[in-house]
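Throughout, read-outs are computed from the coordinates displayed, never taken from laboratory work. Keep in mind the model is a prediction, meaning the values are calculated, not measured. Ideal geometry is used to build each Cβ from the backbone, glycine not excepted, and the neighbour counts take in all protein chains shown.
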Amino acid sequence: MKSLWEIYAPYRERVLWTALFVVIGILFLTIGVWRTLLLAVMGAVGWCIGFRGDEPERFSEIVDTLSEKLKKH
């Protein structure tokens, strides 16, 4: 008999993205669009701070690449 992980593995991306957008839809309906967007921005800022703490060299490379691309435009 297959384990749940073996059954789930081929559909991992679909399940993940479906769950994410269901949560986003529920947030839109319960707290509103602007509060949901603020929550997403704050989560992204927190992720960036955590990423910088975990991998400072890689974070610096990403920031340098983004700044170069923005200077071109």
Test result for S60, exposed (fewer than 10 other Cβ atoms within 10 Å of the Cβ) and either of a type outside the set (D, E, K, R) or touching a residue at least 60 places away in the same chain (Cβ under 8 Å) (or both)
no
Hey, T36 hits all of (1) exposed (fewer than 11 other Cβ atoms within 10 Å of the Cβ); (2) part of a helix (DSSP H, G or I) but one; which does it fall short on?
(1)
Subset of the range 3-33 that is among the β-branched types (V, I, T) and more than 20 Å from the chain's Cα centre (by Cα) - its residue that is farthest from G43 (Cα to Cα)
I7
Count - residues of the range 10-33 that are at negative phi, small (G, A, S) and surrounded by 11 or more Cβ atoms within 10 Å (Cβ to Cβ):
1
